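Everything on this sheet refers to the single structure shown next.
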Amino acid sequence: MPRKCCVPGCNSNYDSEIKKGGPVVSAFRFPKDEERKKLWLLAIPRKDFSPTANSVVCMKHFSEDDIIRYDLYKTKDGTTQQLLLRCPKLKEDALPRIFPNLPKYLTKEKSVVRNDPQERKKKVFNRTAAAIDNFLKADIIQSFENVKNDCFES
């Protein structure tokens, strides 16, 4: 029997949804770490909720970036291969952020991790230097004959 999502307004894995032909959705237990559990409880818009050992949140409430669907492993010959997991896992820092059946202001986008300004400057400088080098290599006069022919053909 699939576990039912505890997020308000979510009908994932309820019998009525499954009978309608809805999919069985993977669900994740609350973290055992108390700090992570508090963050999950703050993220889920549900008043006075205390999760039990059977409380779960379905995958519809997590960003696709937070869900691990493949596991990497090394074969005997040293190559790395991906193995599709039967039950997806969550990354350590995953938080439920998406609440499609609730007002939009409750859904929080994952903040974009920005690069250090010095790193960005360095990348721009390297990209510009490479463009200048390519231009200078292409702009070299191979022979006087080429210049003479270019000037007199015009």
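The values are calculated or read from the model by the stated rules, or taken from the named source; none is laboratory data. Just so we're clear, the structure is a prediction, and the values are computed from it rather than from any experiment. Positions of Cβ are generated from backbone atoms using ideal geometry, with glycine treated the same way; all protein chains shown enter the neighbour counts. The accessibility values were calculated without ligands, DNA or RNA, using every heavy atom of the protein model including side chains. Shrake-Rupley method; radii C 1.70, N 1.55, O 1.52, S 1.80 Å.
Computed from phi, the 3J(HN,Hα) profile of the stretch 4-11 under the Karplus parametrisation 6.51, -1.76, 1.60 (θ = phi - 60°) reads 8, 5, 8, 6, x, x, 9, 10 Hz, with x in place of Gly and Pro. Taking every alpha-carbon pair under 8 Å whose residues sit at least 6 apart, the chain reaches a relative contact order of 18 percent. Close amide H partners of LEU90, meaning residues 5 or more places away or on another chain with modelled amide H under 5 Å apart, are ILE68. Think of a 1.4 Å ball rolled over the protein heavy atoms: the chain then has 80 Å² of accessible area per residue. Evaluated with a Cβ-only charge set (Lys, Arg +1; Asp, Glu -1), the stretch 78-149 carries a dipole of roughly 440 debye about its Cα centre, given to the nearest 20.
For the stretch 32-115, the mean projected area of the C-alpha convex hull, equal to one quarter of the hull surface, is 8.5 nm².
In this structure, the amide hydrogen of CYS58, modeled 1.01 Å from its nitrogen in the peptide plane, lies closer than 5 angstrom to those of CYS6, VAL7, PHE28, counting only residues at least 5 positions away or on a different chain. From helices alone, the chain scores -9500 deg cm²/dmol at 222 nm; the rule is -39500 (n - 2.57) for each run of n ≥ 4 DSSP H residues, then divide by the residue total.
By the Cβ distance rule (another cysteine Cβ under 4.7 Å), the unpaired cysteines of the chain are CYS6, CYS87, CYS151. Put a plus charge on the Cβ of each Lys and Arg, a minus charge on the Cβ of each Asp and Glu, and nothing anywhere else: the dipole of the chain about its Cα centre is then about 1000 debye.
Given a cut-off of 29 Å, name the pairs among LYS60/LYS122; LYS20/LYS89; LYS37/LYS76 whose C-alpha atoms lie farther apart than that in the structure shown. Flagged as over cut-off: LYS60/LYS122; LYS37/LYS76.
Couplings 3J(HN,Hα) of the stretch 35-41, computed from phi: 5, 5, 4, 4, 4, 4, 5 Hz, in residue order, whole Hz [Karplus 6.51 cos²θ - 1.76 cosθ + 1.60, θ = phi - 60°; x for Gly and Pro]. Relative to the current alpha-carbon distance between ALA130 and TYR14, full extension at 0.36 nm per residue lengthens the span by 36.0 nm.
The structure-derived value of P(r) over Cα pairs in 5 Å bins from 0, in percent appears in the list [x] 2, 8, 13, 15, 16, 15, 11, 8, 5, 3, 2, 1, 0, 0; [y] 1, 7, 11, 13, 12, 9, 8, 7, 6, 5, 4, 4, 4, 3, 3, 3, 1, 0; [z] 1, 7, 12, 13, 12, 10, 11, 11, 9, 7, 4, 1, 0 under the label [y].
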